[in-house]
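A short write-up of the structure that comes next.
The values are calculated or read from the model by the stated rules, or taken from the named source; none is laboratory data. In this text, all values refer to a predicted model and were calculated from it rather than measured experimentally. Glycine also receives a Cβ, built like all others from the backbone with ideal geometry; neighbour counts cover every protein chain displayed.
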Amino acid sequence: MRKLKYHVASTTDGFIAHEDDTWGAFLQERLVKDSEHIADYSASFSTYGTVVMGRRTYEPGLKMGVTDPYPMMETYVFTRTMKESPNPRVKLVSEDAIGVIRRLKEQQGKDIYLAGGANFASMLLEAGLVDEVVLKLNPLLLGSGVPLVTRLRNVSSLELLSTKVYKNGVVLLRYAVLPEGAPGTNPALLPEMPPAT
């Protein structure tokens, strides 16, 4: 079974994009010029055979004329509003997103890159379909924007698998998503505190 990995850049305060779905802050020269983290990100594409994303993640590139942002992968855009794909390689999915993702995971091949966005990732986390969260934590504070996840009904517990710190301050954090009820994920009983005197 293939793994579904939510591989995403985030600010230190937990935003993956500006409120208008753009990522200008992430493109600061100090973060992108001669950056090892971008080389590592590009190299990670060879581990993925499929990319899945919501419409809001796909549209900013489309507005710049990029109809197939990941030509090296099979591409799925999950949308209820787009009716026709602007590229024959990009498959639009409007119904049964959970079922489609389950079927993709059951196929043989390389892992699946979940490129975003927050609502789509949240839905897949709640369905128990996300296996890993690969977080590129950027040394930025936005204060508002598109959050990493939205409206989770339950806590998604993560187990740290690896870290890598880059010279420009970006930190790569790789987590496994623990299944609900995994050992150690239940609330701990706190020891009684002595009364204040």
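Can you find a residue that is surrounded by fewer than 14 Cβ atoms within 10 Å (Cβ to Cβ), at pLDDT 95 or above, touching a Pro at 6+ places or on another chain (Cβ under 9 Å) and not acidic (Asp, Glu) anywhere in the range 6-21?
Yes, some residue in the range 6-21 is surrounded by fewer than 14 Cβ atoms within 10 Å (Cβ to Cβ), at pLDDT 95 or above, touching a Pro at 6+ places or on another chain (Cβ under 9 Å) and not acidic (Asp, Glu).
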Out of the residues in the range 46-62 that are modelled with pLDDT of 95 or more and among the hydrophobic types (A, V, I, L, M, F, W, C), state the one that is surrounded by the fewest Cβ atoms within 10 Å (Cβ to Cβ).
51
Log entry, pairs with first residue in the range 68-79 being among the polar types (S, T, N, Q), second being in a loop (DSSP other than H, G, I, E, B), beta carbons closer than 7 Å, six or more apart or on different chains, reads 75/68; 75/89; 79/94
Residue in the range 85-106 that is in a loop (DSSP other than H, G, I, E, B), over 15 Å from the mean Cα position of the chain (by Cα) and touching a residue at least 24 places away in the same chain (Cβ under 8 Å) present
yes
Go through (1) assigned to a loop (DSSP other than H, G, I, E, B); (2) of a type in the set (Gly, Ala, Ser); (3) buried (at least 18 other Cβ atoms within 10 Å of the Cβ) and name the single condition residue 65 misses.
(3)
If you go through the range 130-149 one residue at a time, do you hit one that is of a type outside the set (Phe, Trp, Tyr), out of contact with any Ser or Thr (no Cβ under 6 Å at 6 or more places or on another chain), within 19 Å of residue 50 (Cα to Cα) and in a loop (DSSP other than H, G, I, E, B)?
yes
Any idea which of (1) at pLDDT 95 or above; (2) of a type outside the set (Ser, Thr, Tyr); (3) surrounded by fewer than 20 Cβ atoms within 10 Å (Cβ to Cβ); (4) touching a helix residue (DSSP H, G or I) at 6+ places or on another chain (Cβ under 7 Å) is the one residue 130 doesn't satisfy?
(3)
